[in-house]
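Any read-out appearing in this document is the output of simple, stated calculations on the displayed coordinates, not a laboratory observation. Quick caveat: nothing in here was measured; it's all calculated off a predicted structure. Reconstructed Cβ throughout: ideal geometry from the backbone, glycine too, with neighbour counts over all protein chains shown.
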Amino acid sequence: MRLRPLGDRIVVRRDEATDKTAGGIVLPDTARNKPQRGKVLAVGPGKLLKDGTRRPLQVKPGDSVLFTSWAGDEFKEQGSNDHFLIMREGDVLAVLEE
């Protein structure tokens, strides 16, 4: 992927949605909840402050993150079935330790 986010934005690949409930019912695509977890693929250089310096981001590529349900803008890479999110670092609620 050739994508370089700007400022305090990050690129996240959302985890796959589960296709079965705990009771074993198979869910169609339209009924699945979108997971609020994902893996950071790329990060921008950081937020530009008023004094001209940049504040580095707290997340880094490879981090597993938890984010808000309506975070970011979703897009699909041409010629692929992968869906990505571009969001601001402020939409990230936590980094998941594994």
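Counting neighbouring Cβ atoms within 10 Å and putting the fewest first, the residues Asp63, Asp73, Asp15 line up as Asp73, Asp15, Asp63. Working note: Karplus 6.51/-1.76/1.60 with θ = phi - 60° gives segment 85-93 the couplings 10, 10, 9, 7, 4, x, 7, 7, 8 Hz, where Gly and Pro are set to x.
Take every Cα pair under 8 Å in segment 30-94 that's 6+ residues apart, average their separations, divide by the length, and report that relative contact order as a whole percent. Value for segment 30-94: 29 percent.
Just so you know, the Rg over Rh for segment 37-95 is 1.01, from Cα atoms, with Rh as the Kirkwood radius. In order along segment 9-16, the phi-based Karplus estimate (6.51 cos²θ - 1.76 cosθ + 1.60, θ = phi - 60°) of 3J(HN,Hα) comes to 8, 9, 10, 10, 9, 5, 4, 5 Hz; Gly and Pro are listed as x.
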